[in-house]
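The values are calculated or read from the model by the stated rules, or taken from the named source; none is laboratory data. The model shown is predicted, which means the values in this text are computed figures rather than measured ones. No Cβ is skipped: glycine too gets one built from the backbone with ideal geometry, and neighbour counts run over all protein chains shown. SASA here: full protein model, heavy atoms, side chains in, ligands and nucleic acids out. Shrake-Rupley method; radii C 1.70, N 1.55, O 1.52, S 1.80 Å.
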Amino acid sequence: MGVGDGDFHECNLVNVGGSWGYVDVTWGDTDDDFVYTHAYLGLTSDEMQRSGHTVTDGYSYPSVTGTGMDYFRRNNILYGALSADKMSEIIGNAYLAGQNGIEMKFDSKEHYMDALAAIEDGSANGAVSAAYQESGIYNYRIWYQSNDDLYVIKEIWQN
């Protein structure tokens, strides 16, 4: 138990296969009815603190420094520097695979900010836009959610 962004909040410290990580399923369920994020699955102690979580229940918990529980690392969707063309390719491949969105985590604030800029200026969305238009669909929506504390971007598309 503790505080999350100034309010009472609880989360879990879990061990799977010898790897510790913090999990906060409450914050993983966003305000949108159909949008969720994996950003809070397998966090380190540093990431917990960076995201506004503070433990206040008086117990001593192990410091989580390993990244073995990190959802993005475990699923091979943790990225370093990506060009806008490479991002467009990754996002386009997700669209062509039938996904309705993609979630990406970046290894640093700098790489995250570069990726966010490519999404905001549209240069990372070229492959999805082209795929829609090649299918004769011109009325579609691409939007994103970003987490500046954990360097996660979730992009969603629909027609």
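If the Cβ limit is 8 Å and pairs must be 6+ apart or interchain, which residue in the stretch 7-28 that is closer than 23 Å to E103 by Cα pairs with which residue that is of a type in the set (D, E, K, R) and crowded, with 18+ Cβ neighbours inside 10 Å?
Going by the 8 Å Cβ cut-off, the qualifying pairs are C11/D24; N12/D24; G21/D70; Y22/E47.
All but one of (1) basic (K, R); (2) within 19 Å of Y40 (Cβ to Cβ); (3) out of contact with any Asp or Glu (no Cβ under 9 Å at 6 or more places or on another chain) hold for K109, so report the exception by its number.
With (1) basic (K, R); (2) within 19 Å of Y40 (Cβ to Cβ); (3) out of contact with any Asp or Glu (no Cβ under 9 Å at 6 or more places or on another chain) applied to K109, the lone miss is (3).
Please list, ordered by first then second residue, the pairs with beta carbon atoms under 8 Å, 6 or more apart or interchain, first in the stretch 52-71 and under 22 Å from G28 (Cβ atoms), second open to solvent by 80 Å² or more (accessible area, probe 1.4 Å) and part of a loop (DSSP other than H, G, I, E, B).
The qualifying pairs are G52/D5; V55/M1; V55/Y61; T56/M1; D57/M1; G68/G17.
Give me the pairs: first residue in the stretch 78-105 and under 18 Å from Y132 (Cα atoms), second residue in a helix (DSSP H, G or I) and of a type in the set (V, I, T), beta-carbon distance under 6 Å, and six or more apart or on different chains, which are they?
Sorted first by the residue in the stretch 78-105, then by its partner, the pairs are I91/V128; G92/V128; Y95/V128; I102/I91.
Picking from Y132, Y151, which residue would you name as being at positive phi and in contact (Cβ under 8 Å) with a residue 24 or more places away in the chain? Write out each step before concluding.
Working: Y132 fails: at positive phi.
Exactly one of Y132, Y151 is at positive phi and in contact (Cβ under 8 Å) with a residue 24 or more places away in the chain, namely Y151.
If you scan the stretch 38-54, which residues turn out to be open to solvent by 40 Å² or more (accessible area, probe 1.4 Å) and closer than 14 Å to N147 by Cβ?
L41, R50
Considering (1) closer than 23 Å to R73 by Cα; (2) out of contact with any helix residue (DSSP H, G or I) (no Cβ under 7 Å at 6 or more places or on another chain); (3) modelled with pLDDT of 90 or more, say which one Q145 fails and leave the rest.
Every condition holds for Q145 apart from (3).
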